[in-house]
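Accompanying notes for the structure given below.
What follows draws every value from the coordinates through simple rules; no lab data is involved. For clarity, every value in this text was computed on a predicted model and none was experimentally measured. So basically every Cβ, Gly included, is an ideal-geometry build from the backbone, and we count neighbours across all protein chains shown.
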Amino acid sequence: MQDPFLAPHHDGSPLYVPGQPPGVGDTLAVRVRIPARWGAPGRVFVRSIRDGEGHYDEARLLAGEGDDGGWAWWEARVTAVNPTLRYRFLFELPGTDGPSLAWLNAVGTSRRDTVDRDDFRIDCRPAPAPWARDAVIYQVFPDRYARSSAAAPLDALPDWAVGCSWDEPVQPRGELTPRQVYGGDLDGIAGRLDHIQALGATVLYLTPFFPARSNHRYDASTFDEVDPLLGGDAALVRLVEAAHARGIAVLGDLTVNHTGDAHDWFRKASADPTSEEAGFYYFSEDGTEYASWFGVPSLPKLDWSSAELRRRFVEGPESVVARWLLPPFNLDGWRIDVANMTGRHGHVDLNREVAALVRGTMDAVRPGLMLLAESTGDATEDLSGGTWDGGMTYSNFTRPLWQWLVREDRATAGINFFGTPAPGVPRIDGGDLVATHTALSSGFSWRVRSQNMTALNTHDTARAATVMIDGGAAVGLALAFLLPGLPTLFAGDEFGLRGTNGEDARTPMPWDAPDRRPADVRALIADLAALRRDSPALRDGAVRWLAATPDVVVFVREHEEECLVVAAARADHDDVRVPLDLLPGPWAAARPIDVGPRGASAEETAHALVVSGRGPGLGVWRLPGVPTPTCRG
């Protein structure tokens, strides 16, 4: 049986599509690499969509068989007629009974016709700023990070809050859960920026800082000020200035899907059905009921058909979206909460329209900022509209990673697996990890894929250390840095914190309690961040899978300057074989990189690279870059 990884390859990365990003009307070189053992096509075409109709451009052979280790390069010149260029490859293969056809799209190769939704995509819009393209994100839940000397006293909290000492346990469920306040503030975060910088993080992402009636603050009572419990407006200014002085950008978190029921807008709307604010929400005809996020009464849903809501919230430099991006606050962008639900209610779907408004305002008031969308399911369609830089999505990385590294005992039976009704986390093997990751990444353009947040866990999930086998979280952290995407840490990952759900994961940082740090992996994270910072292959390189067994996966990140081969294992393993002609170059030139939990060695035999070792662990090797293909003859 033919090796499943022996197939033509293209992923939309700069190695295969140089000269990105294009503008509408630009012509691009679009390349594909074909391994000699797969077959030698007589002709190759790129089928692109122009104004809804298929168009074929014939490719030319650039590097013949044997010129690139048994791979042939083909290149076509393709014009981006529309804002999103969608395309696939067609191979005409010689045969004794006449030629046969094969397709290559973002899902893989096929001997039958394929659907347009699986085509590769390229977005025709300006590239992200370098700081955003190369970001390592560190997420902070402000109430649980650090208290400054100026923090509000716990005996002077609002009536909804219950003050807790820093070492008091978090209640993962129940009436007390959203009311526990530990008193972390923005000046406390500013006082710990050296810690964040030492980890190699370049973007500080704050969950909401607006006043609310919960510790999570996703139920904002106003968007006009910073919560005084966090230090007020001046504290945000101090934090952003201190972060910028260290080269750290700062993202805010904004709920455009809903407000809190204590918000000024909602109170006016509830009191006066003739008010402008009444049009901001979905009320029943008699005004006694209203739509809310998942039926939670404290989170009334916004109706984006209201022109006045758009004016106040999004449009222009005085809007909520713009105000916090401008002086004196100078945030560097937004993460939009439940962006996938925003503007959608029953038969109404204004989702892309709202996203375009947010993006348009940001580009108008301060171009080059970051805009990320929370979209927890299959986010490929929601992130394809040319507005979002990327997303906080769990489908293509976090979910399959958990399933591959999950404990085999019943310790995870009480863990909710991203909303599924079945108890615990279902276990998969390495082949399913690769298949799931590939399938749920295939709908993203390379730009979006490389700007998606790759998170081990977040404030809305259990902690990976609770879910995964011993040592699994370290392997997962490494993969977050080694696969395409923006590595995203949730404060406490560096100390191996645990938690059975999102609320339980929001444990106060154990700054002065080493006994509450199950695993100190600060050095590992700093090493991974440094490797990514110095590696063009990790920042911009293509990704190609080389092997997958139940316990081991092997892939390569390829770039013109260097290639990195990665073997990640969840258990001890012997004789995982990678055919030599799948490698990006001769193995004799490979040099090991000392990063992460070591657990793999590699030995070249006559026909294969044999990977073996202990797990959980990984091996990383650097090889020379992939030569730029040139015109044959």
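Distance in nm between label sites at Glu53 and Arg533, each 7 Å beyond Cα in the beta-carbon direction?
5.3 nm
Could you compute the FRET efficiency for Asp581 and Trp131, with r as their C-beta to C-beta distance and R0 at 30 Å, rounded to 0.05?
According to the calculation, E is roughly 0.20.
If a/c stays under 1.5 just call it rounded; otherwise compare a/b with b/c (prolate if a/b is bigger, oblate if not). Do that for region 258-301, with a ≥ b ≥ c from the square roots of the Cα gyration tensor eigenvalues.
oblate
Return the loop-located GluC sites (Glu not before Pro) in region 328-424 (DSSP other than H, G, I, E, B) with at most 10 other Cβ atoms within 10 Å of their own Cβ; answer none if there are none.
Taking region 328-424 and a limit of 10 other Cβ atoms within 10 Å, the loop GluC sites (Glu not before Pro) found are Glu408.
Please give the FRET efficiency for Arg117 paired with Thr605, using the beta carbon to beta carbon distance and R0 = 41 Å, rounded to the nearest 0.05.
The formula returns an efficiency of 0.50 here.
Taking only Cα atoms, what is the 0 to 90° angle, nearest 10, from helix 351-365's long axis to the longest principal axis of the chain?
80 degrees
Going by average Cβ density within 10 Å per residue, which order do the peptides 555-562, 144-151 take, highest to lowest?
Per-residue Cβ counts within 10 Å, averaged per peptide and sorted highest first, yield 555-562, 144-151.
Place the peptides 169-182, 486-499 in order of packing, highest mean first, counting for every residue the other Cβ atoms within 10 Å and averaging per peptide.
486-499, 169-182
Roughly speaking, what is the stretch gain from Val24 to Thr274, that is 0.36 nm per residue apart minus the C-alpha to C-alpha distance, in nm to one decimal?
My answer for the length gained is 85.5 nm.
What are the ³J(HN,Hα) couplings of region 226-242, residue after residue, when phi is run through the Karplus curve with 6.51, -1.76, 1.60 and θ = phi - 60°? Round to Hz, x for glycine and proline.
For region 226-242, the Karplus curve yields 7, 3, x, 4, 9, x, x, 4, 4, 5, 5, 4, 4, 5, 5, 4, 5 Hz.
How big is the antiparallel share of DSSP beta bridges in the chain, given as a percent to the nearest 5?
If I count the DSSP bridges inside the chain, around 75 percent turn out antiparallel.
What is the angle, in °, between the Cα long axis of helix 522-534 and the longest principal axis of the Cα atoms in the chain? Nearest 10 is fine, range 0 to 90.
60 degrees
Kindly write out, for region 170-187 in residue order, the coupling ³J(HN,Hα) from the Karplus curve 6.51 cos²θ - 1.76 cosθ + 1.60 (θ = phi - 60°), rounded to whole Hz, with x marking Gly and Pro.
6, 8, x, 8, x, 5, 7, 3, x, 9, 5, 10, 9, x, x, 9, 5, 5
Per 0.36 nm of contour for each residue apart, how much would the distance between Arg323 and Glu175 grow if the chain were fully extended, relative to their Cα-Cα spacing?
49.8 nm
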